[in-house]
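**Student:** If you scroll down you'll find the structure; I have some questions about it.
Since every read-out is calculated from the coordinates, none of them should be taken as a lab result. Everything numeric in this text was worked out from a predicted model, so none of it was measured. Glycine also receives a Cβ, built like all others from the backbone with ideal geometry; neighbour counts cover every protein chain displayed.
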């Protein structure tokens, strides 16, 4: 590591900055004193039971609402190419003969059999 740092001054500078940041963080968190306590009191005021419960419940509730919205939002239906082509065929055929429109709940196989019964001369290739 020392050899790399001697060759690359940038690595040495980055390592020193990381260590400085790490030291400052440890000093702030582990060296908790009255300055940090006063700062928190200024931000939050006197912390009673109700404020502490709200401080925990509000972010959790907000997070649950966002997750619920994400899970329950309407998503576009996936339509494969075969279903799109069958819908196109049904639309085209129903223009000429309305009884050939694909019925609700009718499977593709049932629809194709019904169309084949109407057009027996069309060969499947």
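**Student:** Say we look at segment 94-109 and pick out the residues that are without any contact (Cβ under 8 Å) to a residue 24 or more places away in the chain and in a helix (DSSP H, G or I); which of these is nearest to residue 119 (Cα to Cα)?
**Tutor:** 100
**Student:** Then there is this: Out of contact with any strand residue (DSSP E or B) (no Cβ under 7 Å at 6 or more places or on another chain), surrounded by fewer than 10 Cβ atoms within 10 Å (Cβ to Cβ) and either free of Cβ contacts under 8 Å to residues at least 40 places away in the same chain or closer than 30 Å to residue 45 by Cβ (or both): which single residue out of 85, 91, 80 fits that description?
**Tutor:** Exactly one residue qualifies, and that residue is 80.
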